[in-house]
Every structure is written in structure tokens, then in C-alpha cells.
2 protein chains.
Amino acid sequence: MPERILQLLQEKKLPIIKKRLLEIQPFDIAEFLDQLNKKDSLLIFRLLPKNKAAKVFSYLSSDTQQNLSVSISEHELKAIIKDLDFDDMIDYLEEMPANVVKKILKNTNEVERTLINQFLNYPDNSAGSLMTIEYVNLKLDLTAAEALDHIRTIALSKETIYTCFVTSSHKKMLGIVSLKDLILAAPQQKVSKIINRNYIGVNTHDDQEYIADLFKKYDFFSMPVVDNENRLVGIITIDDVVDVIDQENTEDFHKMAAIQPSDQGYLEAGVLGLAKKRIFWLLILMFSATFTGYIIRQYADLLESMVVLAAFIPMLMGTGGNAGAQSSSLVIRSLALGEVKLKDLSKVVWRELRVSFIVGLALGGLNFLRIFYLEQNSVLIAAIVSLTLLITITSAKVMGGVLPIIAKSLGIDPAIMANPLISTIVDAISLFTYFSIATWLINLV
Amino acid sequence: MPERILQLLQEKKLPIIKKRLLEIQPFDIAEFLDQLNKKDSLLIFRLLPKNKAAKVFSYLSSDTQQNLSVSISEHELKAIIKDLDFDDMIDYLEEMPANVVKKILKNTNEVERTLINQFLNYPDNSAGSLMTIEYVNLKLDLTAAEALDHIRTIALSKETIYTCFVTSSHKKMLGIVSLKDLILAAPQQKVSKIINRNYIGVNTHDDQEYIADLFKKYDFFSMPVVDNENRLVGIITIDDVVDVIDQENTEDFHKMAAIQPSDQGYLEAGVLGLAKKRIFWLLILMFSATFTGYIIRQYADLLESMVVLAAFIPMLMGTGGNAGAQSSSLVIRSLALGEVKLKDLSKVVWRELRVSFIVGLALGGLNFLRIFYLEQNSVLIAAIVSLTLLITITSAKVMGGVLPIIAKSLGIDPAIMANPLISTIVDAISLFTYFSIATWLINLV
């Protein structure tokens with residue numbers, strides 16, 4: 001569709017574009033506008049029907065949002081902001097520069113302004129920063145019929161009407177009622193009779209990862225957020241939680257690759273910022289790796305007298321690192337999903353011992369054949385390398401399985417015990433093993 | 001709560017347990033039953049009220065499901081199966097051994113049996129294997145009031161009533177109507193007037209990753225699934241999609257650690273199975289790493305005459321691998337989230353060139369100081385190592401950024417271009433650079 005609309009744009013056939021836009025999903029229009037220049041995106045944005053404009057606006061990248069915000073009139077901007085879902089508006093304000101925020105706050109009344117400032121102050125990644133205030137609020141003494149009538153009058157401005165939240169006169173959270181319950185109830189039945197008081201809610205300061213886990217466990221579609229006095233202040237809906245799950249996974253992917261996590265997309269972040277996020281861990285790992293260098297120096301004489309040993313160092317270090325990375329990734333992921341718990345430590349050790357022994361025997365055996373038969377090295381060299389491989393793989397896999405669990409039990413994020421750190425530790429182990437076995441076997445024969 | 005219930009169980013206070021269970025979420029009861037022995041889990045399961053038993057059953061691990069299935073009477077089992085959501089029943093049947101499946105199918109009528117067999121045959125990870133048949137079906141000529149009455153009579157057996165699916169008399173998919181639209185419409189308004197024909201649906205054979213992306217993009221709560229003749233055969237709801245997102249991420253985590261993906265949890269899989277999933281890639285990487293060994297052999301004379309060079313090999317290889325892994329992880333994740341597209345290749349190269357130059361200068365510089373001042377090596381050694389570091393980091397980062405994009409454009413999963421493979425390639429590059437620079441600088445001075 002983008003090509004077709006671009007063509008219509010060149011031909012200045014705006015009425016046709018306007019009609020076309022009705023059939024396209026808001027997300028797709030936003031994606032298309034993000035790719036246009038300022039002038040064209042403004043032109044097309046203004047062709048959107050009023051009720052669709054706010055939805056499209058909420059999906060735009062913050063760059064395009066900012067461009068539009070400064071290009072359109074204050075009147076137009078006010079109309080869009082009014083139609084935005086409250087949580088989308090907060091997300092938008094968080095990204096805008098001070099002058100745009102000022103322009104918008106100027107157009108709000110005192111009460112709204114206080115509320116917006118309160119929401120902007122919730123910590124990133126907290127329930128407060130995820131929630132919206134656009135929920136359906138019911139009272140205990142309403143009948144089902146009255147509740148339905150109430151919902152009819154306010155439905156359009158609410159993020160969801162399928163779960164309703166019941167509070168006391170002091171806004172204390174009492175329970176939830178689903179629209180399904182209301183429809184199935186006799187019209188004269190009171191909300192107090194169909195309320196589910198056995199609900200699960202979160203506090204404004206709870207972390208988004210914890211919230212995502214609750215949604216996954218209990219298959220919720222929405223969830224109430226209360227303050228420290230158990231007053232209902234907002235709700236969180238599943239569509240926002242889906243984004244949280246992706247965010248949390250991205251954070252783990254980055255940590256596991258020794259990058260300090262960032263909320264910015266790869267193409268959005270500045271080059272200096274990207275460099276900074278990477279240097280910290282590279283430095284730590286680089287200086288740890290020099291420790292491995294000391295081991296080589298210790299055995300310089302051995303290496304000088306038998307320089308062929310050096311040729312197998314990359315393979316030993318690489319295979320050890322990879323073997324350890326496999327175990328640590330499996331265990332880190334299982335910890336994140338709750339499949340492996342702290343108490344499973346001994347189970348993990350026992351599994352990794354057996355798995356690594358099988359893997360080590362297979363790889364060590366194949367290596368022996370290759371080094372001895374194919375490459376025509378001495379039995380001694382083949383034995384040293386293969387034995388080292390077996391021991392390296394075993395210790396790498398056990399360490400890869402154990403270190404994430406130990407990290408978690410110490411309150412450290414297990415994700416940092418991934419490939420880079422494990423490889424660095426395993427490198428030292430494999431080299432030390434290698435030279436020790438070599439010295440021992442050479443003295444033996 | 002588990003401790004409390006265990007205690008009550010020992011004291012044989014079953015009526016109290018029965019009361020307690022009413023207040024606990026089905027997921028938590030299932031998690032608790034999974035930890036009990038066969039006898040106790042059966043005892044407690046039987047205390048559950050009929051309507052809660054099926055929900056708890058659907059959350060149990062397949063081991064516990066199997067134990068219960070063979071322990072309870074055929075009559076009890078039939079009652080539970082009847083109350084299971086259709087998609088949960090299919091999931092359950094897929095995990096059970098043949099004798100249990102037979103026992104269950106025996107209790108179903110011909111029509112059900114055909115349907116179940118059809119669902120069991122949809123490929124894993126397809127829309128067909130995710131969907132449920134428990135949707136609300138409406139016809140065009142109903143009025144809003146009639147539709148609401150219809151929903152009231154069938155609501156209890158449907159997975160969601162909040163989106164209704166409108167079909168022709170030949171079951172052709174026509175559009176969707178939300179419960180919100182029905183409630184807001186005038187009672188006499190026809191469904192044909194409020195139907196949204198501009199819906200997005202999927203085919204039974206579409207892949208679950210594609211489906212999850214649609215849910216994320218458009219913030220759906222449910223979605224229709226049609227066959228090749230556009231007949232509505234089922235719907236997919238967001239709670240199942242959340243599990244798919246986790247599954248797909250797990251798959252990426254495993255691939256990026258050079259493990260062949262598996263659907264089984266870490267503690268559930270057999271040891272031999274785990275070993276098999278890991279050996280394939282370790283073997284490939286091991287034999288690729290021997291290539292790096294050849295490079296060392298080529299420069300054996302140089303190494304023999306200047307054995308101190310060997311001491312820096314682990315640090316150079318490690319840092320290069322880590323630097324490449326950072327870029328590849330960032331780009332693989334951005335590709336998966338759709339933030340980076342194939343056409344961004346040149347942008348990625350240019351970013352990585354600049355980032356890696358900054359990182360390389362910083363790390364190379366620090367290394368020079370350390371090797372020359374702290375470790376009192378010659379300027380020559382310090383220069384060789386630092387220059388190699390700069391070149392290695394630059395090429396590692398550019399390759400780490402580029403290879404995943406190239407893989408994707410060739411139709412290969414970019415996730416395999418992660419740490420292990422990149423490290424192996426970068427190892428060879430860094431060693432070759434190292435010895436070339438060493439030879440060159442030594443001849444120069």
C-alpha cells in the first residue's frame with residue numbers, strides 16, 4: 001500500500017488518499033508516516049478522520065511525533081491530545097522536549113496538570129508508569145442494569161470495559177466485576193453480590209517484570225494498580241504487558257552479550273552512547289583475559305620446546321567457551337521463565353555432569369582420531385589435547401550451569417553469567433588444564 | 001500457602017483445605033499439586049469444586065496430568081475433559097500416551113472425534129495448533145438485542161465473548177463485532193450495520209511467530225483463523241499468544257548459544273537428548289576453530305623466536321569475540337523486533353564502523369599503557385598488541401553487525417550468527433592480523 005499512496009500523493013489526489021486511509025490499520029499508517037519527510041507526513045496526517053488521528057499518533061516514532069507537534073496548530077494538537085489514551089499521552093510527554101511539554105501543559109487545567117505530573121514522576125519500569133486511569137469504576141450498591149447503563153455512557157473514553165473495578169466511597173479497591181458477569185446477572189442483582197473480591201492487584205511501585213509474570217501466570221486481560229493505602233489509582237492492560245515482555249527479553253539479550261541495557265532502539269541511539277554501553281564490559285573482560293596470558297607465560301619454556309601445542313589453543317578455548325555458553329544460556333533462560341529454581345542447584349549440577357561427560361567423550365574422541373590419524377601428530381599430542389578437551393568441556397558446562405544460579409541466590413542478575421564472562425573464566429581453566437596435563441604426560445613418557 | 005495446606009493435609013483436616021482452595025488461584029493450586037506425590041495430589045485434586053477442577057487441570061504439568069488421568073475414574077475424567085477449554089484439551093491430548101488418549105476418545109461422539117483428530121493434525125507452531133473453537137458466532141441479520149440474548153445463553157462455554165465473529169450461512173468469515181459495539185448500539189440495530197469488515201485474520205497454517213507479531217502490532221485481544229476457503233474454523237486469544245512470545249524468545253536464546261532449539265523444559269528433557277542438541281554445533285565450531293590452529297602453525301617460527309607473543313593470544317581472541325558478540329546480539333534482536341530491516345545494511349555498517357573505532361581506540365590505548373608501563377614490555381610488543389586490538393575490534397563489530405542481516409536476506413535465521421559463530425570467525429581474523437602486524441613491524445624496526 002505505501003507505494004500506491006506515495007503515487008497518489010505525487011498526483012495530488014488527496015480525496016482518494018483520504019478514502020484509502022479509512023481501510024488501513026492505525027499501526028500501518030503510523031509506520032508509513034514515519035518514513036515520509038516532514039511535509040508529506042503532515043499533509044497525510046491531516047487527512048485522517050478525527051477519531052483515527054489520535055490512535056495513529058500514539059503509534060508514531062517520537063521523532064515524527066515531535067515534528068508534528070511543532071508543525072500543527074495549538075488547537076489541532078489540543079484535539080489530538082484530548083483523544084489520546086491517558087497512558088499513551090504520558091508515554092508521548094516523556095519523549096518530548098521541554099518546550100513541547102510546556103505547550104501542552106498550558107492547555108490543561110489545574111487538576112489534569114497535577115495528575116500528569118504525578119504520572120511523569122513514577123519510576124521507569126514501574127506499575128505507575130505502565131498504568132492508565134481510563135478504567136470503569138463501579139460502586140457496590142449499583143444493580144447490574146444500572147452498571148450496564150453507566151458503562152454505556154462512558155464506554156468510549158475507557159481503555160477496557162470488559163473488566164470493571166469496584167471501589168468504596170474512599171476509592172479503596174474492593175474487587176472486580178467482569179462485563180460477562182454483569183451481562184449474565186439478573187438486572188436487579190447488586191454489584192455487591194457478583195463482585196469477585198479474590199482479585200490480584202499490584203502497587204504503583206511494583207516492577208514491570210513482576211507484573212508481566214503475573215499476567216502470564218493468571219491469564220489476565222487487565223489488573224488494578226493501588227497506592228500504599230490500597231486506593232485504586234489505575235489499571236494495566238495486557239497490550240502494554242506484551243510490550244514489557246519484549247522489553248525485558250531485549251534487556252536479557254543485551255546483558256547476555258555483555259552490553260549495558262538501554263531503552264533506545266539500535267538505530268535511534270547515538271554512536272557515542274552505543275560505544276559507552278559496550279566499553280565497560282569489554283574492559284573488564286579484557287583485563288580478566290590477561291590473567292589467561294599469565295598462565296601462558298608461566299609455561300613459556302614448555303611452549304618454546306613444543307610449539308605445536310600453541311596450535312590447539314584456539315580450538316580448546318573456543319570449544320570450552322561454547323560448551324559453557326550453551327549451559328549458561330539454557331539455565332539463565334530457565335531461571336527467567338521460572339522453570340528452574342534456586343533449590344534445583346544440585347539437580348542442575350548432576351544433569352550438566354552427565355551431559356558434559358557424553359559431549360566431552362564424543363568431541364574428545366573425534367579429536368583424537370583427527371589429530372592422530374588425519375594430521376599425523378604423535379599419540380602424546382593427541383592424548384594431551386583430547387584429555388584437556390574432556391576436562392574443559394565438563395568444567396565449562398558445570399560452571400555454566402551453576403554460576404547463574406549462584407548469581408541469582410546472591411541477588412545478582414543471572415544474565416551476566418552468560419557467554420562472555422563464562423568464556424573468560426573457562427579460557428583460564430582450559431589453558432591451565434592443558435599445560436598441566438602436557439607437563440604431566442611428557443614427564444610420564 | 002503450600003506449607004499451611006501441607007500441614008492441614010497431615011492433620012487430615014480435609015474440609016478446611018476444601019474451603020481454603022476456594023480462595024487460591026487455579027495456577028497456584030496447579031503449581032502446588034505438581035510438587036506433591038501421586039496420592040496427595042489426587043486427594044487434593046478431588047477436593048476442588050467441579051468448575052475449578054478443569055481450570056486447575058489445564059495448568060498442571062503433563063506428568064501430573066498423566067498421573068491423575070490414570071488414577072481417577074473414567075467418569076471423573078470425562079467430566080473434567082468436558083469442562084476443559086477446547087485448546088487446553090488439545091494441548092493435553094498431545095502430551096498424553098496412546099492409552100490415555102484412547103480412553104478419552106472412546107468417550108466422545110463421532111463428530112467430536114473427527115474434530116479432535118483434525119486439530120491434533122495441525123502442524124506444531126501453526127495457527128491451527130493455537131486456536132480454539134469456543135468463539136461466539138453471529139449472523140448478519142440478528143439485531144443487537146438478539147445478539148446479546150444469544151451471547152447470554154452461550155457465554156459460559158466460550159473462551160471470549162468480547163469479540164464476536166460474524167459468518168455467512170456457509171461459515172465464510174465476514175467480519176467482527178465487539179461486545180462493546182453491541183452494548184452501545186440501539187437494540188434494534190442489525191449486526192450487518194455495526195460489523196467491522198476491515199478485520200485482520202490468519203490462515204490455519206500461518207506460523208505462530210507471524211501471528212504474535214500481528215497481535216503486538218495491532219493490540220488485538222483475539223483474532224479469527226480461517227481455512228483456505230475463508231471459512232472460520234477457530235480463534236486465537238492473546239493469553240495463548242503471550243506464551244508464544246516466550247517460546248519464540250527461548251528459541252532465539254538457544255540458537256544464539258549454538259543449541260538446537262527444543263520445546264521441552266530444561267529439567268524435563270532427557271540427558272541424552274540434551275547432549276544431542278548441543279553436540280552438532282560444538283562439532284562444527286570445533287572443526288572451524290582448527291583453522292585458527294593452522295594460522296598459528298604457519299607462524300610457528302615467529303612464535304618460537306618471540307614466545308611472549310603467545311601470552312596475548314587469549315586476550316586478543318577473547319576481546320574480539322566479545323566485541324563481535326555485542327554487535328551481533330544487538331542487530332539480531334533489532335531484526336527480530338523489526339527495528340532494523342534488510343535495507344538498513346549500510347546504516348548498520350556505518351554505525352558499527354564509528355562505534356568500533358571509538359571502542360577500539362579506547363581499549364587499544366589502555367592496553368598500550370598497561371603493556372608498556374605496567375608490564376615493562378618493549379614498545380614494539382605494546383604497539384603490535386594494541387594495533388591488532390584496534391583492527392580486531394573494528395572488523396569484529398562490522399562483521400557482527402553485517403552477518404545477521406546477510407543471513408536474513410538469504411533466508412537463514414539470523415540468530416545463528418551470534419556469539420559462538422562470530423567468535424570462531426573473529427578468532428581467525430584476529431590471529432592472522434596479529435601475526436601479520438608482528439612480522440611487518442619486526443621487519444620495520
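Among B:168, A:305, A:61, A:395, rank each residue by its count of other Cβ atoms within 10 Å, from fewest to most, as a rough exposure measure.
Exposure proxy ranking, most exposed first: A:305, B:168, A:61, A:395.
To the nearest 20 Debye, how big is the dipole of the stretch B:319-368 about its Cα centre, given +1 on the beta carbon of each Lys and Arg and -1 on that of each Asp and Glu?
140 debye
Taking loop as defined by DSSP and a crowding limit of 16 other beta carbons within 10 Å, which trypsin sites (Lys or Arg not before Pro) in the stretch A:197-248 fit? Show your work: numbers first, answer last.
Values: sites: A:197, A:216, A:217, A:231; in loops: A:197.
Those that pass, being in a loop and sparsely packed, are A:197.
Distance between Cα centroids, the stretch A:17-87 to the stretch B:34-101: provide it in whole Å.
51 Å
Answer with one residue from A:435, A:371, B:317: the one whose Cα lies farthest towards the positive end of the charge dipole of the protein assembly as shown, charges on Cβ with Lys, Arg +1 and Asp, Glu -1.
Farthest along the dipole direction, towards plus: B:317.
Given charges of +1 on the Cβ of Lys and Arg and -1 on the Cβ of Asp and Glu, with all other atoms neutral, how large is the dipole of the stretch A:271-444 about its Cα centre, in debye to the nearest 20?
That gives a dipole near 660 debye.
Using a label point 7 angstrom from Cα along Cα-to-C-beta, what distances in nm, from shortest up, separate residue A:145 from the other copies?
Ordered by distance, the counterparts are at 1.4 nm.
Determine, for B:409, B:126, the number of other Cβ atoms within 10 Å of each Cβ, and report the residues in order from fewest to most.
Least crowded to most crowded, the residues run B:409, B:126.
Taking a label point 7 Å from Cα toward Cβ, how far is residue A:107 from its twins in the other copies, in nm, shortest first?
In ascending order, 6.2 nm.
With respect to the cross-link table entries A:341/B:158; A:255/B:343; A:216/B:50; A:55/B:52; A:180/B:18, which display a Cα-Cα separation exceeding 31 Å?
A:341/B:158; A:55/B:52
Given charges of +1 on the Cβ of Lys and Arg and -1 on the Cβ of Asp and Glu, with all other atoms neutral, how large is the dipole of chain A about its Cα centre, in debye to the nearest 20? Don't jump to the answer; show the numbers that get you there.
Values: 44 positive and 50 negative charges, 92 e Å.
Dipole about the Cα centre, nearest 20: 440 debye.
List the residues, sorted by chain then number, that are 5 or more residues from residue A:138 or on another chain and whose placed amide H is less than 5 Å from its amide H.
A:165, A:166, A:167
For the stretch B:179-227, what is the relative contact order in percent, using Cα pairs closer than 8 Å and at least 6 residues apart in sequence? Write down the numbers at each step before the final one.
Working: 22 pairs, mean separation 19.1, N = 49.
Relative contact order for the stretch B:179-227 comes out at 39 percent.
Which pairs, out of A:78/B:347; A:103/B:217; B:172/B:277, put more than 32 Å between their alpha-carbon atoms? Don't skip to the end; give the middle numbers.
On the way: A:78/B:347 36 Å; A:103/B:217 30 Å; B:172/B:277 44 Å.
Correct reply: A:78/B:347; B:172/B:277.
If one takes the longest principal axis of the Cα atoms in chain A, at what angle in degrees, from 0 to 90 and to the nearest 10, does the Cα axis of helix A:62-71 lie?
The helix A:62-71 is inclined about 30 degrees to chain A.
What are the principal axis extents of the Cα atoms in the stretch B:271-444, in Å, biggest first?
So the three principal-axis extents are 48, 41, 26 Å.
Over the stretch B:2-121, calculate the relative contact order: mean separation of alpha carbon pairs under 8 Å at least 6 apart, over the residue count, as a percent.
It comes to 21 percent, rounded to a whole number.
Chain B: longest stretch without exposed GluC sites (Glu not before Pro) (DSSP loop, at most 11 other Cβ within 10 Å), sites themselves excluded? Kindly include the intermediate steps, with their values, before the conclusion.
Details: sites that count: B:11, B:23, B:229.
The segment B:230-445 is the longest one with no such site.
What are the trypsin sites (Lys or Arg not before Pro) within the stretch A:1-59 that DSSP puts in a loop, where the Cβ has at most 11 other Cβ atoms within 10 Å?
A:12
Radius of gyration and Dmax for chain A's Cα atoms, expressed in Å?
30.4, 96
Output the direction-averaged projected area (hull surface divided by four) of the convex hull of the alpha-carbon atoms of the stretch B:26-175, in nm². Can you show the working numbers first?
Details: hull surface 41.7 nm².
With the hull built on Cα positions only, its mean projection is 10.4 nm².
Could you state the angle between the C-alpha long axis of helix A:86-95 and the longest principal axis of the C-alpha atoms of chain A, as a value from 0 to 90 degrees rounded to the nearest 10?
It works out to around 60 degrees.
Using only the alpha-carbon atoms, how far is helix B:208-218 inclined from the longest principal axis of chain B? Give it as 0 to 90 degrees, nearest 10.
Tilt of helix B:208-218: around 80 degrees.
Express in nm, to one decimal, how much length is gained between residue A:409 and residue A:111 on full extension, taking 0.36 nm for each residue of separation and deducting their alpha carbon distance.
102.7 nm is the gain from fully extending residue A:409 to residue A:111.
To the nearest 500 deg cm²/dmol, what mean residue ellipticity at 222 nm is calculated for the protein assembly as shown from DSSP H runs of n ≥ 4 alone, each contributing -39,500 (n - 2.57), summed and divided by the residues?
Taking each H run of at least 4 residues, the total per residue is -21000 deg cm²/dmol.
Along the charge dipole of chain A, Cβ charges K/R +1 and D/E -1, which of A:253, A:175, A:96 sits furthest on the positive end?
Of the listed residues, the answer is A:175.
Sorted from fewest to most neighbouring beta carbons within 10 Å, what does the list B:313, A:183, A:406, B:44 look like?
Numbers: B:313 25, A:183 17, A:406 14, B:44 22.
By the 10 Å Cβ count, ascending: A:406, A:183, B:44, B:313.
Of B:382, A:109, B:394, which is farthest on the positive side of the dipole of the protein assembly as shown, counting Cα position, with +1 on Lys and Arg Cβ, -1 on Asp and Glu Cβ, and the Cα centre as origin?
Positive-end residue among those listed: A:109.
What are the label-to-label distances in nm, one decimal and shortest first, from residue B:338 to the same spot in the other copies, with labels 7 Å along Cα to Cβ?
Those separations, rounded to one decimal, come out as 2.8 nm.
For A:349-362, what's the mean count of beta carbons from other chains sitting within 10 Å of each residue's beta carbon?
What the average comes to for A:349-362 is 4.
FYI, it's all coordinate maths here, none of it is from the lab. Just so it is clear, the model here is predicted, and its values are computed rather than measured. Using ideal geometry, Cβ is built from the backbone for each residue, glycine included, and neighbour counts are taken over all protein chains shown.
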